[in-house]
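Okay, so here's the structure we're looking at.
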Protein chains: 2
Amino acid sequence: MKEKATSFDIAHLAGVSQSTVSRALNNSSLVNQETRERVQRIARELNYKVDKNASNLRLQKSSTIALLLFEDPTSDDSMINPFFLAMLGSITRACAQANYDLLVSFQNLEDDWHAEYEDSNKADGIILLGYGDYTDYQNKVAQLESQGTHFVRWGAPDEKHPGISIGCDNFQGGESITQHLISQGKTTFAFIGDNGDHAPEFKARFTGYYRTLLAHGLDKNSSQFDAISTEDAGSEAIRGLIEAGELPQAIVCASDLIAMGALRALRQAKIKVPDDVAVVGYDNIAVSAYTTPALTTVQQNTKLAGELLVSALLKAINNEEVDDYLMPAEVIVRQSCGSQ
Amino acid sequence: MKEKATSFDIAHLAGVSQSTVSRALNNSSLVNQETRERVQRIARELNYKVDKNASNLRLQKSSTIALLLFEDPTSDDSMINPFFLAMLGSITRACAQANYDLLVSFQNLEDDWHAEYEDSNKADGIILLGYGDYTDYQNKVAQLESQGTHFVRWGAPDEKHPGISIGCDNFQGGESITQHLISQGKTTFAFIGDNGDHAPEFKARFTGYYRTLLAHGLDKNSSQFDAISTEDAGSEAIRGLIEAGELPQAIVCASDLIAMGALRALRQAKIKVPDDVAVVGYDNIAVSAYTTPALTTVQQNTKLAGELLVSALLKAINNEEVDDYLMPAEVIVRQSCGSQ
DNA sequence: CTGAAAGCGCTTACAG
DNA sequence: CTGAAAGCGCTTACAG
């Protein structure tokens, strides 16, 4: 393995000072064009690359963004929520476009919380995805804020949370999907998903759902069953619902993963979807188009979300004013709700 | 935003020299225990974190691994192959466990090829995932090798490729799935997927498929249709197959994505799977369990793959001897082949 | 347009 | 056990 070339090596070969090499490589207008071209040519020949550690140290920045993914503590360790994977993809692309590197870290509950990315100058800012344990999450966000760390979080704006948030309107998503079911003539409902303060996204979806029923005078025809965002929890909740007695006309699941489990449990119980009961999900993960029947769901635009998260963070890093942004959620109609 | 504390600030507060602070924080045994504890306490109070750029610069390493994902140039820009996303997840976990950071980069064809991660000291080594354009890929691998970069690639060992490879046995996977179909009594076959030198993984799967037919004297009963790894290509190929005339008893797809498209095209043509024709895929992506019928496919163990890639790279970085590794591929039987 | 010099914040060989 | 000093490889204010 060859020794790595430094700017001094190039300076020597080009017969100029090291300062001039640095200027030439940074395309400074201060340097003679002929000199600049010569230096750049030599740099290319030597396969020279600026040492990022040195340049970052000098410039006190890193051109790197850290992505922290907080997973649901109870979710299967080997499986990452497909929705976050999709987000990861779009964030990666957006970073590349902005010429930033992306440092990825999955935070498990057991891990030490290390938000040291910015403190240690490894990253100029942080994107937070997911909640993990919500109480824990709030502490972490508060800590980031108090340290003056630049960060953006995926989620709804919230007075309890400082910092910039980019999210998708879970309340409106809950409304829209419920509205769709009502317009299909459904009159009795069940909501499958946690509805507590520890799961704010699900709670907002539930609230949108419930308010819509209320507006139509259907709020008495609703039940709710707890479930975290896994298939197994969905199946479990459906078994509870079946045991509880009468089947509703429509089952609204707080996530696609829950809906997958619901479809499975219903199939096992020989209950036909959508003939006996309509089922809808939330997230529009890739799988949802392929279930039997294909799942009607609510889409969050992950491509746009990634772009917004990155551009908002970059603005924050440059100390520009940034507003929270709430994207609209869009109903994707497939077969599981009986519309088609 | 507060100024970041440096080791000098801590030295000042602790009444010791900056060298001692550095030693104390690195748990050097050279420092008095009482002093060490005092320094560490003050560091904690100030929320001090070692500046990674400075320490990396000094140590000439980065404790960071770069993951380069080469996508199929023709695949939909907004969609990342779910198989790679799964790999990404397991690599991220493995890195975290080894206390390495992970820099993620998606390389599009249009992008400049920049393997400068190690050259610029941003990463100590590189993991290559995917091929993109294969000819291009070979040049890049050769370039990495000639520069003495530490890298590991996902794929089969190959004399034409220098460097360490970790992969899954595509030849054996092709054999196993074909063997399974033959044991189900199938006697006529079609293979959907490219079979050229630009797609070595598909080619190996095809070769395993074909050799198995040959061994059973069934090689005359086989046709092959080109397709890259997308749904659309799969649908397109199936339409070609249908137009070509007689339907085989089994369709072997070179990837699950192709198989998805195949199922779609067959459904549109009112051809029943598995009653009229068996269909099998390759990869066991999450979606494959949810298609109708659920897809029989070949699994590559992504969790193990991620761990092996990371540990092999770490060994290479430490200049230890590393061997190529070829994982076995496992047939996952579901409904689409008619076995259940 | 160019060069000599300072300094970013660390780690560690050297001297005590 | 501790401190003073060198040096990792850059960028840029300063002087010319």
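The values are calculated or read from the model by the stated rules, or taken from the named source; none is laboratory data. Small disclaimer: the values here were computed from a predicted structure and weren't measured. Note that each Cβ is placed from the backbone with ideal geometry, even for glycine, and that neighbours are counted across all protein chains shown.
Residues in the range A:30-60 that are surrounded by fewer than 19 Cβ atoms within 10 Å (Cβ to Cβ) and more than 12 Å from DNA strand D (Cβ to nearest atom): A:Q33, A:E34, A:T35, A:E37, A:R38, A:Q40, A:R41, A:R44, A:E45.
Out of everything in the range A:156-202 that is in a helix (DSSP H, G or I) and among the polar types (S, T, N, Q), what residue ends up being surrounded by the fewest Cβ atoms within 10 Å (Cβ to Cβ)?
At the first step, the residues of the range A:156-202 found to be in a helix (DSSP H, G or I) are A:170-183, A:200-202.
Filter once more, keeping what is among the polar types (S, T, N, Q): A:170, A:172, A:176, A:178-179, A:183.
On the way: A:N170: 25, A:Q172: 19, A:S176: 19, A:T178: 28, A:Q179: 18, A:S183: 9.
Going through the qualifying residues, I end up with A:S183.
Apart from one condition, A:M1 fits all of (1) within 11 Å of DNA strand D (Cβ to nearest atom); (2) at pLDDT below 85; the exception is (1). Residue under question is A:A316, and the condition is that it be within 18 Å of A:S63 (Cα to Cα) and touching a Phe, Trp or Tyr at 6+ places or on another chain (Cβ under 8 Å); does it hold? Judged against the criteria, A:A316 is a match.
Tell me, which residue of the range B:30-58 that is of a type in the set (G, A, S) and either near DNA strand C (Cβ under 6 Å from one of its atoms) or in contact (Cβ under 8 Å) with a residue 60 or more places away in the chain (or both) is nearest to the other protein chains (Cβ to nearest Cβ)? So, considering only residues that are of a type in the set (G, A, S) and either near DNA strand C (Cβ under 6 Å from one of its atoms) or in contact (Cβ under 8 Å) with a residue 60 or more places away in the chain (or both), the one nearest to the other protein chains (Cβ to nearest Cβ) is B:A54. Between A:T207, A:T212, the distinction of being crowded, with 18+ Cβ neighbours inside 10 Å, among the β-branched types (V, I, T) and not in a loop (DSSP other than H, G, I, E, B) belongs to A:T212 only. The combined condition, being more than 14 Å from chain A (Cβ to nearest Cβ) and not charged (D, E, K, R), is not fulfilled by B:S63. From the list B:P274, B:P293, B:P248, the one residue that fits, being in contact with a strand residue (DSSP E or B) (Cβ under 6 Å, 6 or more places away or on another chain), under 22 Å from B:T187 (Cα atoms) and in contact (Cβ under 8 Å) with a residue 24 or more places away in the chain, is B:P248.
Let's see how each residue does on (1) of a type outside the set (D, E, K, R); (2) within 25 Å of the chain's Cα centre (by Cα); (3) at positive phi; (4) modelled with pLDDT under 95:
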position	(1), (2), (3), (4)
A:D219	no, no, no, yes
A:E243	no, no, no, yes
A:L247	yes, no, no, yes
A:V252	yes, yes, no, no
A:S255	yes, yes, no, yes
A:A265	yes, no, no, yes
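Annotation: A:V333 fulfils all but one of (1) surrounded by fewer than 19 Cβ atoms within 10 Å (Cβ to Cβ); (2) among the hydrophobic types (A, V, I, L, M, F, W, C); (3) in the same structural domain as A:A96 (by TED's automatic domain parsing); the unmet one is (3). Taken over the range A:1-45, the criterion of being more than 43 Å from the chain's Cα centre (by Cα) and not in a helix (DSSP H, G or I) is satisfied by A:G15, A:V16, A:S17, A:L30, A:V31, A:N32. Within the range A:6-29, the set of residues being crowded, with 19+ Cβ neighbours inside 10 Å and either within 14 Å of chain B (Cβ to nearest Cβ) or on the phi > 0 side of the Ramachandran plot (or both) comprises A:S7, A:I10. When you scan the range B:312-321, do you find a residue that is at pLDDT below 90, away from chain A (no Cβ under 14 Å) and either buried (at least 17 other Cβ atoms within 10 Å of the Cβ) or touching a helix residue (DSSP H, G or I) at 6+ places or on another chain (Cβ under 8 Å) (or both), even just one? Among the residues of the range B:312-321, at least one is at pLDDT below 90, away from chain A (no Cβ under 14 Å) and either buried (at least 17 other Cβ atoms within 10 Å of the Cβ) or touching a helix residue (DSSP H, G or I) at 6+ places or on another chain (Cβ under 8 Å) (or both), which makes the answer yes.
Out of all the residues in the range A:132-154, which are within 14 Å of chain B (Cβ to nearest Cβ) and either more than 20 Å from A:E201 (Cα to Cα) or touching a Pro at 6+ places or on another chain (Cβ under 6 Å) (or both)? Across the range A:132-154, the qualifying residues are A:Q143, A:L144, A:E145, A:S146, A:Q147, A:G148, A:T149, A:H150.
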